[in-house]
Amino acid sequence: MPRTGPRGGPQTRAKISEVATRLFLERGFDTVTVTEVAREAGVSAVTVFKHFPRKEDLLLDREVDAAGLLRSAVRDRAPDTGVLESLRDMAFRLLEERHALSGLKEGSAPFFRTVAASPALVARAREIASDLQQALADDLEHDPAFDGDAPLLAAFFIAGYTTVLVRTARRLIAGEPADAVADDHRARLERLFDALGSGVVP
């Protein structure tokens with residue numbers, strides 16, 4: 001019988017995530033079961049699913065963080081700051097911090113390699129992007145200071161940012177130097193926001 005620890009709280013969630021990530025990166029996502037993750041983390045499978053309703057979310061666990069950043073970029077921007085400028089500031093801040101959501105966090109290559117090798121993870125990543133797009137569109141629709149095309153901007157921004165992120169991931173997987181990848185990431189973000197400013201936001 002596996003030993004079981006406390007079922008709730010952020011420490012339990014963090015422990016489960018840490019164990020799952022280690023196992024997935026070592027052995028591949030599709031070969032590791034939730035039962036194995038639970039046993040290694042010292043909890044029950046029920047507890048794992050309480051914190052992570054889907055197996056894929058054990059590894060792709062940044063959706064809430066991403067949604068919060070997008071929401072803040074729209075809702076918490078200064079009165080004289082446009083939506084596109086705020087989204088740009090957010091994207092470049094993530095880049096400068098080498099945040100996990102920029103794809104440039106140190107040691108990201110094994111993570112990206114694991115995701116790319118699993119059709120289930122790739123499919124879940126696409127679902128998350130779709131959910132984020134809808135959430136961003138909803139926030140823009142309800143923003144009285146934004147008079148552009150909310151669904152179109154949300155679609156173009158999420159698709160564009162995802163494209164930049166995927167290219168960054170592929171270059172890291174290929175073993176290219178991190179600084180060179182970061183420079184390319186920055187240049188592509190610049191082109192993305194130039195394009196958005198030219199055709200989507202009035």
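Miscellaneous remarks
- Every pair of residues 6+ apart whose Cβ atoms lie under 6 Å, when the first sits in region 145-168 and is assigned to a helix (DSSP H, G or I) while the second is surrounded by 21 or more Cβ atoms within 10 Å (Cβ to Cβ) and of a type in the set (Gly, Ala, Ser): Leu165/Gly103; Thr168/Gly103
- Residue match in region 72-81 (condition: under 30 Å from Glu141 (Cα atoms), β-branched (Val, Ile, Thr) and exposed (fewer than 12 other Cβ atoms within 10 Å of the Cβ)): no
- Residue that is small (Gly, Ala, Ser), under 30 Å from Gly28 (Cβ atoms) and out of contact with any strand residue (DSSP E or B) (no Cβ under 8 Å at 6 or more places or on another chain), where the choices are Ser130, Ser86: Ser130
One line per residue, one yes/no per condition, for (1) in the same structural domain as Ala91 (by TED's automatic domain parsing); (2) farther than 18 Å from Phe112 by Cβ; (3) at pLDDT below 95; (4) surrounded by fewer than 17 Cβ atoms within 10 Å (Cβ to Cβ):
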| position | (1), (2), (3), (4) |
| --- | --- |
| Asp149 | yes, yes, yes, yes |
| Arg167 | yes, no, no, yes |
| Arg170 | yes, no, no, yes |
| Leu192 | yes, yes, no, no |
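- In a residue-by-residue description of region 35-49, the property of being exposed (fewer than 14 other Cβ atoms within 10 Å of the Cβ) and of a type in the set (D, E, K, R) applies to no position.
- Cβ-Cβ under 6 Å pairs, at least 6 apart or on other chains, region 67-82 side closer than 14 Å to Phe157 by Cα, far side of a type in the set (Gly, Ala, Ser): Ala67/Ala135; Ala73/Ser86
- Restricting the search to helices (runs of 4 or more DSSP H) fully inside region 43-143 and requiring at least 1 residues that are in contact with a helix residue (DSSP H, G or I) (Cβ under 8 Å, 6 or more places away or on another chain) and among the acidic types (Asp, Glu) gives 63-75, 83-97, 119-141.
- Residue check for Thr31: among the polar types (S, T, N, Q), within 30 Å of Glu176 (Cα to Cα), modelled with pLDDT of 95 or more and surrounded by fewer than 17 Cβ atoms within 10 Å (Cβ to Cβ): yes
- Scanning region 90-143 for residues that are surrounded by 17 or more Cβ atoms within 10 Å (Cβ to Cβ) and either farther than 17 Å from Ala169 by Cα or of a type in the set (Val, Ile, Thr) (or both) gives Met90, Thr114, Val115, Ile128, Leu132, Gln133, Ala135, Leu136, Ala137, Asp139, Leu140.
The values are calculated or read from the model by the stated rules, or taken from the named source; none is laboratory data. This is a predicted model, so every value here is computed, not measured. Heads up, the Cβs are rebuilt from the backbone with ideal geometry, glycines too, and the neighbour counts pull from every protein chain shown.
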